[in-house]
Every structure is written in C-alpha cells, then in structure tokens.
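None of the figures in this text is laboratory data; all of them are computed from the coordinates on show. Bear in mind that the values here come from a model prediction, so they are computed numbers and not experimental data. So basically every Cβ, Gly included, is an ideal-geometry build from the backbone, and we count neighbours across all protein chains shown.
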Amino acid sequence: MLKQRKSIVGLDVGTSCIKAIEITQDKFDYIITAFAQIDIAGEQARRDALSELFKSGGFRTKRVATSVSGKSVIFRFINMVQMSDDNLTNAIKFEADKYIPFDVDEVQLDTQKLMDLPATEEGAQDEMKVLLVAAKRSIVEDQATMLSELGLSPVNIGVDSFALGNAYELNDIVSPGLQESDHTVALVDIGFAKSSINILRNNVTFFAREVPMGGQDLTNAITRRFGLEPFEAEALKRDPQEQVVEVQDAVSATLDDLGNEINLSFDFFENQFEGEVQEVYLSGGSALLPFLEESMEKIFEKRTRVWNPIEGLKVRSDNVDIDALNQSAPQLAVAVGLATAGT
Ligand SMILES: Nc1ncnc2c1ncn2[C@@H]1O[C@H](COP(=O)(O)OP(=O)(O)OP(=O)(O)O)[C@@H](O)[C@H]1O
Ligand SMILES: [Mg+2]
C-alpha cells in the first residue's frame, strides 16, 4: 500500500543567503529529506542562485513555502471591538487604512487576535488587541511569479517572524514536554539586513516585528576598524582565529545598539501584555558568531540561547549533507518554520 507522505520546501530567500529545507511528514515523523543553501551577492544574483539551488539540491517536491520581509511588511498593534475571527477578517479591510501607510487595495492583510480588553467604563464595548500584518501585494506577487517561472509551485507566502513561531511550535511537536507551560519566549533571528522578532506566550504569538539591523552592520564595523575590504571583513568575522578579542571589540558597540533596539521590543511587550520575556532564542546566520550568545545575554539580562531549530527532526542521510546541515542549523529557523506550512 502507498504510504501518505507529504513534502514541502521551506524556502528562505534572505538578503544575503538563500536557505531551502525540504521537510517530509510521514505519519508522526518529520524528516529533513533535502537541504541546500547558497550565499548571494545582491538582488540580481537571486534568480540564478535559486535556479542553481533547485537543480543541485536533490529536492523531490516542487511545492515551496516562502516569505517576504523588509520595508514592504508592516506590523501594527491595534485595539478593536471584540468580534469573531471571521468578522475580524472582514472588518480589518475597512479599518486597515487608518494604520498602514499603503493603500489597502495594494496590501495583503493578516490578523491575529492577541487578547481581550474588557471595557473599563460602563456602557463602553469590550475590546480586543489585534496584531495586524500588511505585506505589499506586488512584492508577494513578484515572489510567486519568480518561483512559478522557475517551475516551482508556491503554496504559501508568509513573513519571517511568523515562520519563527511555526518552527518553535514544530520543536514542541517533535520534542513534547521540553517547553514549559505558561512560558514566554522571544525568538530573535539576526540575519544580514534585519532582525526578526517573535514573542510567544504559551506558543501563541503576542508580538512580532522586524528591526532593520543585522550582520551587515557587524561586518561594516570590522571593515572600519581594520581598514579592510568588505569581503575580507566578512571572512575575518566568520573565522577570527587569534584575532577574536579584537573582532569582539570592533563589533561591541554595534552589538549594543542591536541588543538595545531588541530590548525596546521586549519592553513594549512587557508593558502591553503584563508579563516578562523569560527566555530568548537566537537564530539567523549572525547567531553563528561565537560570542553572540554571551553578548546578548548581558544586554537582555535574560537567559539567552542559540537555538537549534532542527533538533528532534529526523534526517535522510543519503540525500542530505549532515555536517553542512548541523553547521548552519541556527541559520535555518525561518526555512524550517516555512516548511511547516501545509505539511
Ligand atoms: N560563521 C559566521 N559567523 C558570524 N556571522 C556569520 C557566520 N555565517 C554567516 N554569518 C552572517 O550571517 C548573516 C546572514 O544570515 P542569514 O542567512 O540569516 O541572513 P539573510 O536571511 O540572508 O538576511 P535577512 O534575513 O536580513 O534578509 C550575514 O551577515 C553573515 O555575515
Ligand atoms: Mg533572513
């Protein structure tokens, strides 16, 4: 008898690096059945890199789930009168123009109800807090067109912050019981151009945002300090060897700026939702920086760990370079989360 197997490729087209991970769900198992990643130099190189990656990556399915990010995606927290999810989907179309700088017809909207806000005055209506995410439709459509032209079939286009939440939820499915109940964690993915944040309470997203800072700011700091070419600074950052102390010193002010900016998001969450972020999980390529965990823990003053989003997943070792996969693990959080769409 044929077994029911469903595969999907989580495709994270980052500013500097494309990551693709194929996850196949086989009954209760989640198996990494293919993986590839490729660094890209600028937007022009993206299409060729994608084509190359799918030619050589050993992927079996054409179904891909991907994401959009950056300036074309906007996160807003708004208060609305309490209503059902179906009504919210309709109502937001009429409300959204008050909160976003784009024409409502030009965006794709997504909402998440966060918590009830009972009326405090007599006669007032009960309200609720809602997270509104608006992504420019043209960006989403361009992404879908590019993938279709490459012979792929896009099944879902989301945003990085939510993909992080999905990866965390998958961890909970494959390793149940590891995550404590009534726990608040912040997932922080530090990439090249930006850092994505998702704060979850009991596995539900309460806060999501992108901060326009990341690994390129660290490389720039090294470029300036050592008077190097950017590509040399990048190599030194990735493998500082005996210069690790000097490199750490060169990026320390930039790390402080980044950490403090992320801390503002924690403060916002803590003020709005009366609860503390208890633990921080770091991911993204910049989490491969050996001293990142320690530096961020000092700034956040919270338990901070580099996250391995593939822990507990099985791997098809005949089709996947396990060493390369494990080496990149923290960088794959968004791709893993995207691959959970529709499995
Ligand atoms: N070993 C390493 N040590 C330190 N930094 C690293 C290492 N490997 C990669 N990086 C950094 O990680 C960043 C790329 O990470 P990632 O792939 O998560 O970003 P991206 O998805 O391309 O970008 P964005 O999410 O901003 O669009 C680069 O800035 C790169 O310098
Ligand atoms: Mg990224």
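Compare ALA34, ALA186, ALA253 in a GNM of the chain, Cα atoms joined below 10 Å, and give the one with the largest fluctuation.
Of the options given, ALA253 has the highest mean-square fluctuation.
What does the convex hull of the Cα atoms come to per residue for the range 210-304, in Å³?
91 Å³
So how far apart, in nm, are the two label points at SER138 and ILE322 if each is 7 Å from Cα heading toward Cβ?
Placing both labels 7 Å beyond Cα along the Cβ direction yields 4.8 nm.
Roughly what % antiparallel, to the nearest 5, for the DSSP beta bridges in the chain?
Close to 70 percent.
Would you mind calculating the relative contact order of the range 7-136 from Cα pairs under 8 angstrom and at least 6 residues apart, reporting the percent as a whole number?
22 percent
Calculate how large, on average over all directions, the projected area of the Cα convex hull of the range 73-137 is; give the answer in nm² to one decimal.
Result: 4.4 nm².
Over the C-alpha atoms of the chain, what are the Rg and the largest Cα-to-Cα span, Dmax, in Å?
Calculated on Cα positions, Rg and Dmax stand at 20.5, 68 Å.
Identify the GluC sites (Glu not before Pro) of the range 295-334 meeting these criteria: DSSP loop state and at most 11 other C-beta atoms within 10 Å of the C-beta.
GLU301, GLU311
Once the convex hull of the alpha carbons of the range 287-343 is built, what does its volume come to per residue, in cubic angstrom?
100 Å³
If I stretch the segment between PHE226 and ALA124 completely, what's the gain in nm (0.36 nm per residue apart, minus their alpha carbon distance), one decimal?
30.6 nm
With the dipole of the chain worked out from charges on the C-beta (+1 for Lys and Arg, -1 for Asp and Glu) around the Cα centre, which of ALA65, SER148, VAL13 lies farthest toward the positive end?
SER148
Given the options ALA135, ALA45, ALA65, which has the most mean-square fluctuation in a GNM of the chain, springs set between C-alpha atoms less than 10 angstrom apart?
So, out of ALA135, ALA45, ALA65, the one fluctuating most is ALA45.
Mind telling me which of VAL159, VAL73, VAL245 comes out most flexible in a GNM of the chain, alpha-carbon contacts under 10 Å?
Answer for the Gaussian network model of the chain: VAL245.
For TYR30, TYR168, what ranking results if the residue with the fewest other Cβ atoms within 10 Å of its Cβ goes first?
Taking fewest neighbouring Cβ atoms as first place, the list is TYR30, TYR168.
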